[in-house]
Every structure is written in structure tokens, then in C-alpha cells.
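The block underneath contains the structure these notes are about, expressed in C-alpha cells.
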Amino acid sequence: MEDSGSTQKANRGVSWGRRGWRRAGAAAATGGLAALTLVPALGAMAVPGNGNGVGEPFDAVIVQAPAGQSAADLVARVLPPGLSQKSLDVINGVAVTVPHHFVADLVAAGATVTADEAVSVQGSSWSGPAATCPGPASPSTPSGYFTQDTGSDQLVAGGDNGAGTTVAVIDTGINGALPDFAGRERAGVDLTGGHSPWTDEYGHGTFVAGLIAGNGAASGGRTPGEAPGAQLVSIKAAGASGIATVSSIVQGIDFAVKNQRKYGIGVLNLSFGAVPTGPTAAEPMDQAVEAAWKAGIAVVVSAGNAGPFNGTVLSPGDDPLVITVGAYADNDSPQPANWAVCPFSSVGPTLFDGWMKPDLVAPGRSVVSVADPGSTIYTANPSAVVGTGSFVGSGTSFSAAITSGAAALVLAAHPGASPNELKGRLLGNAMPGPVGNPFVDGHGLLNAYYAATGPQLVLDQTAAAAAESTQLSGVVSLGSSWSGSSWNGSSWNGSSWNGSSWNGSSWNGSSWNGSSWNGSSWNGSSWNGSSWNGSSWNGSSWNGSSWNGSSWNGSSWNGSSWNGSSWNGSSWNGSSWTGSSLNGSSWIGSSWNGSSWNGSSWN
């Protein structure tokens with residue numbers, strides 16, 4: 001992986017970061033761990049003859065024009081003719097490979113220029129049992145329990161198998177020759193330069209599609225997908241190497257938006273992600289998924305496999321509008337009490353904006369789906385083969401796929417539901433999560449049955465309107481992120497969400513926006529060392545034995561500063577806060593006191 005720092009280029013006051021070019025003085029990009037492997041950008045090739053008689057590197061870039069201007073016109077005006085281009089209309093952009101010195105000319109003309117990086121879907125575990133999660137049966141044996149876990153088997157038994165809905169899958173293609181998808185290959189496009197979206201040399205897309213809509217033919221009916229009657233649109237963005245580019249992914253989203261009505265696309269699955277390098281408003285993939293959402297397509301994205309540290313949710317899963325999914329393990333048990341969030345599952349808040357993510361968690365450890373014989377992952381991972389036609393894998397890629405299938409079931413039960421309505425049903429009808437921490441398991445456990453049969457809950461969120469220069473070392477306002485997210489009570493319509501517990505000041509008031517959350521102590525050493533109990537937490541009630549001793553439940557928590565209406569309502573004093581989720585290992589254990597709070601991610 002490249003170094004995450006920025007390198008200054010002596011080109012007309014333009015600075016170059018790991019992901020993009022901005023005018024000098026703009027915020028540099030900050031990197032981190034990725035669930036998808038980031039490989040060097042496709043540019044940086046030395047070529048002869050740049051006018052000075054010496055070689056010059058080429059840069060693969062995404063060029064976006066200011067509002068009111070055409071990216072194609074801007075590029076035509078600034079760049080020489082003959083350069084290979086592809087249109088990215090969904091973000092008013094163009095992907096092009098240019099001699100390096102032209103980057104400065106594009107920026108001077110008012111364009112936003114970001115590196116068209118390569119990303120790979122590698123990052124999931126294909127060994128199944130090797131991916132362990134806390135629980136009584138760890139490691140897990142390969143299983144198809146996820147349809148029971150989510151209640152989708154009940155919907156299918158009752159006649160709702162997703163028929164009449166279409167899920168678009170941007171991935172490595174889908175092997176359409178397999179009987180699991182027979183008759184439901186709606187349409188597709190191959191963006192890799194090949195000629196068939198219904199081939200999958202790598203194998204990831206086929207596995208993902210099987211979790212979404214496989215009919216179980218490969219396993220003799222034992223392990224069908226969530227919505228075995230849903231139709232599929234295959235958008236192939238990567239070939240046998242599993243490597244795509246940001247522009248090919250954006251181009252795939254553009255295809256889905258332009259063909260939404262033609263193919264009836266209601267759900268878009270994105271089982272990949274990249275390390276964000278700036279606010280969501282500045283990321284091309286985030287901009288693209290927001291455009292799809294606003295066009296009426298519910299977008300489901302994996303959170304990433306970079307957990308368990310805070311701030312590891314990947315782009316475009318860090319976008320506030322989309323449905324971002326983390327992974328849990330059922331630990332070979334049908335009882336939710338035995339389930340656990342997988343430690344590889346990425347954790348919020350989001351790195352630059354502080355959005356509350358993930359939105360929920362779904363099965364993601366040792367799940368069984370369709371194998372693609374002869375593919376890259378099939379050949380490289382013989383231990384992951386189950387029977388003659390199935391495969392086992394772990395990762396949030398597969399949690400997202402299962403959630404996309406669940407979304408298709410809900411959409412089949414409620415035709416015409418908007419993305420906000422669909423997300424509202426999925427989040428508002430989720431079961432309590434194993435951890436009960438909105439940064440870890442969001443609104444809880446995916447339950448397709450409850451989402452399809454429960455009350456209508458509509459979510460109206462707010463996306464960032466413009467990019468800000470927030471950096472990891474700066475202050476992240478959690479209060480403002482809640483006001484724009486699914487944790488803000490006023491964003492919900494429906495009796496279950498209109499009570500004081502969601503609309504009151506406890507989520508929007510100054511108690512969360514004050515210095516205790518927004519100050520430097522959030523990012524500074526006060527999270528790493530003994531100053532967890534130090535003065536940076538508002539005085540003696542936080543400094544002394546009140547964190548470790550009897551006064552945890554004593555007057556220091558019952559005093560006037562905590563005993564006001566925002567904390568004293570039933571939603572804070574009820575069993576969900578005073579029971580095991582507060583006093584159990586999830587709050588006292590590693591997730592709050594361990595490496596995830598004390599580690600390097602807070603340094």
C-alpha cells in the first residue's frame with residue numbers, strides 16, 4: 001500500500017495527495033487500513049516526448065467540472081485531442097489518462113481532479129472456519145443458516161421470494177451458466193473490456209450473487225440465497241485479477257442509474273470499499289451512490305473488513321444515505337443471544353465526517369453460497385469448497401449481499417417503496433444487536449421478516465452538501481453527524497420513532513455537541529492513556545473511582561448534569577440500557593476499554 005502522506009509537486013501551486021489534486025493549502029489526504037487491497041494507481045508510466053525531450057509520467061485521473069459546466073467540455077478545452085476517455089455522467093465527470101503536467105491545467109480551469117485508483121475485491125476470507133468471532137462455537141463450521149437468522153426463509157415459505165424485483169450487482173461478473181441463476185439474468189454490462197457480464201473469472205461476484213438471489217440448485221436446495229426469485233443485473237467491473245478502478249465502479253453506478261427504469265433496478269449491491277481520503281462530499285464513489293439513491297435505487301454497501309478499530313468504515317459505505325452493513329457470526333446457533341459481531345467488521349464513526357455507521361449487521365462469517373468452478377478464488381482456496389457446487393467465505397462483502405437480498409424481499413412485499421422507506425423498514429425493524437453500540441452494530445441485527453411485515457417507517461436523512469477540510473487529526477462533531485443520520489429522531493416518520501426517546505434532546509442537544517465530545521480530548525492522548533479517567537472528562541466525577549468503583553452507579557451519574565430529562569427518560573433507564581448491554585462485556589470489555597479505544601487509531 002502506498003504511504004498515506006502527501007507529496008508536494010512544484011506545478012503551479014497544486015498539491016498532490018494519495019487520492020487527489022487540490023489547490024495548495026487544501027487538506028491533504030489521510031489513509032488507513034482497507035478491506036479491499038489498494039494497488040498503485042494505473043498511471044505513473046514514463047513515456048517519451050513531453051516537449052522537453054524527456055519522459056513524463058501519465059496520471060490516470062477522474063476530472064469533475066464545477067456545477068453548471070460540462071466535464072466533457074472542460075476536458076476538451078484543456079487537454080489535447082486523442083486521449084482515451086470514459087464518461088462518468090452520474091458525477092459530472094470524465095476518466096482520462098493524461099500527461100502529468102496537464103493536471104495543473106485542469107485544476108487551474110476549475111476542475112476537481114482525483115486519482116483513478118485501482119481497488120481489488122481481495123480482502124475476504126475464503127477459508128471459512130479460519131475467520132473467528134467471539135462466541136461459544138468459534139471457529140464456525142460452514143453453514144447456510146443465514147436465511148433462518150434473517151427470517152427470509154419464512155417470507156419465502158409464505159410466497160415472497162423477491163419475484164418482480166431486480167438487484168444490480170457491481171462486482172467481478174456473475175457466472176450465468178450456473179443453474180442457480182437460470183432464467184433470472186435480467187441484463188448486464190462488461191466494463192472490463194470483455195464481452196460478457198455473465199462470466200466471472202475471479203469468482204467473487206458469483207458468490208455474492210448467490211447470497212442475494214441463488215435458488216439453491218448447486219446445493220440441492222440446502223443453501224439458497226435470501227431472495228431466490230429476484231432478477232439480477234450483472235455489472236462487471238473487474239476481471240480475473242479481482243482488480244477494478246474507482247472510475248469503473250462509478251461507471252457501473254452510472255449504468256444502473258441510466259437503466260433503472262428499463263430493467264426495474266430497485267437495489268444496487270456494492271460489496272467492496274476503499275479507504276476514504278476526505279469527506280463523503282468529495283469522494284467520487286460517494287457522490288455516485290448518492291446520485292443512485294436520489295434516483296430511486298436503494299444502495300447497499302459493505303462496511304469493510306478493517307475492524308475492530310474506530311474510523312475504519314470504507315468508502316462508499318461511509319456515505320450517510322446508503323445502507324452500510326457490518327458482519328456478525330451466528331456461531332452455529334439459532335439463538336441471537338449466542339451471536340457476536342466479527343472483529344474484522346469495520347467500526348464507526350466514519351473517518352472524516354463522523355457519520356454514525358454501520359447501519360446494521362448481517363451474517364458474514366462462514367456463509368455458504370454458489371461456487372464458480374475454475375475461477376481464481378476457487379482454484380486458490382480448495383479448502384473452501386463445500387460439496388460439489390458450493391463455497392464458504394467470510395467478510396462484510398457477504399453481509400451486504402445478504403442485506404441486498406433482504407431488501408429485494410421487502411421491496412417485493414411493498415412495491416414502489418422509496419430507498420428511504422426501504423432503509424427505514426430495514427433499520428427500524430432490526431433486532432437488538434449483540435453489542436448495542438451504534439458504532440459497532442448500528443441499529444442491530446438484520447431481520448428481513450420483520451422489515452417486510454412490520455410497520456412502515458420512513459427515514460429522511462441529510463447528506464453533506466459540500467466538502468469540508470476535516471482531517472483525522474481535527475475535531476469530528478458527533479452531534480452534527482447525528483443530526484444528519486438515522487440516529488436523529490426527527491428524521492423518522494412513524495409511531496415507533498416519534499416518541500420522546502428519539503426526538504428529544506438526548507440525541508440532538510448540547511449534551512452531545514458540547515466540548516466533552518468535540519474537544520481535542522476525543523482525538524488526543526486522553527483516549528490512549530491514564531487520562532481516560534483524567535481531567536479532560538469534566539471534573540471529579542470522571543476522574544476518580546467513578547469509572548471503576550461503586551460510584552459508576554452512584555451520585556456521579558445521578559447528579560443534575562446527567563439526571564435531566566434527556567437522560568432520565570425511559571429509553572435510557574429501561575432494560576436496554578441498564579441490562580446486560582450496559583453492564584456486560586460489550587461495554588466493560590474490549591470494545592470500550594480495549595485496543596479499539598486505546599490503540600493507534602486514536603493517536
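Report the FRET efficiency, 1/(1 + (r/R0)^6), for Ala337 and Ala380, where r is their Cβ-Cβ distance and R0 is 35 Å, rounded to 0.05.
0.45
Of the heavy-atom accessible surface of segment 358-465 (probe 1.4 angstrom), what whole percent is carbon and sulfur?
Summing carbon and sulfur atoms, their accessible area is 54 percent of the total for segment 358-465.
Suppose the chain between His195 and Lys262 were pulled fully straight at 0.36 nm per residue; how much longer would it get relative to their current alpha carbon spacing?
The span from His195 to Lys262 would gain 22.1 nm if fully extended.
For the peptides 74-81, 401-408, what is the packing order when you average, over each peptide's residues, the other Cβ atoms within 10 Å and list the highest mean first?
In descending order of packing, they fall as 401-408, 74-81.
Between segment 287-340 and segment 361-387, how far is it from one alpha carbon centroid to the other, in angstrom?
Each part reduced to its Cα centre gives a spacing of 21 Å.
Can you list residues from other chains, or at least 5 along the same chain, whose modelled amide H is less than 5 Å from the amide H of Ser366?
Here Gly393, Ser394, Gly395 satisfy the definition.
Order Lys357, Lys258 by their accessible area, 1.4 angstrom probe, all chains in place, largest first.
Lys258, Lys357
Express in nm, to one decimal, how much length is gained between Ser490 and Ala157 on full extension, taking 0.36 nm for each residue of separation and deducting their alpha carbon distance. Write down the numbers at each step before the final one.
Numbers: separation 333, 0.36 × 333 = 119.88 nm, distance 3.62 nm.
My answer for the length gained is 116.3 nm.
Determine which lysines satisfy two conditions relative to Lys262: a Cα distance under 28 Å, and not lying fewer than 8 residues away in the same chain.
Within the straight-line cut-off, Lys262 pairs with Lys86, Lys236, Lys294, Lys423.
With a 1.4 Å probe and every protein chain left in place, work out the accessible area per residue of segment 289-366 in Å², rounded to a whole number.
Heavy-atom SASA per residue in segment 289-366 reads 17 Å².
Would you please give the FRET efficiency between Ala240 and Ser418, computed as 1/(1 + (r/R0)^6) with r the Cβ-Cβ distance and R0 = 41 Å, to the nearest 0.05?
0.60
Quickly work out the Ala67-to-Ser84 label distance, labels modelled 7 Å from Cα along the C-beta direction, and quote it in nm with one decimal.
In this crude spin-label approximation the distance works out to 3.5 nm.
As an exercise, use a Förster radius of 25 Å and the Cβ-Cβ distance of Ala177 and Gln148 to find the FRET efficiency, rounded to the nearest 0.05.
Calculated transfer efficiency: 0.30.
Please report, as a whole percent, how much of the solvent-accessible surface of segment 233-305 comes from carbon and sulfur atoms (probe radius 1.4 Å).
Carbon and sulfur atoms account for 51 percent of the accessible area of segment 233-305.
When only Cα pairs under 8 Å and 6 or more residues apart are kept, what is the percent relative contact order across segment 185-306?
Worked out over segment 185-306, it gives 23 percent.
Could you run the Karplus curve 6.51 cos²θ - 1.76 cosθ + 1.60 with θ = phi - 60° over segment 447-461 and give me ³J(HN,Hα) per residue in whole Hz, x for Gly and Pro?
9, 5, 5, 5, 5, 7, 10, x, x, 6, 10, 9, 10, 10, 9
Place the peptides 157-166, 421-430 in order of packing, highest mean first, counting for every residue the other Cβ atoms within 10 Å and averaging per peptide.
Answer by packing, highest mean first, reads 421-430, 157-166.
The values are calculated or read from the model by the stated rules, or taken from the named source; none is laboratory data. Quantities reported herein were computed from a predicted structural model and do not represent experimental measurements. In this analysis, Cβ positions are derived from the backbone assuming ideal geometry, glycine residues included, and neighbour counts consider all displayed protein chains. Note: areas computed on protein heavy atoms with side chains; ligands, DNA, RNA excluded. Shrake-Rupley method; radii C 1.70, N 1.55, O 1.52, S 1.80 Å.
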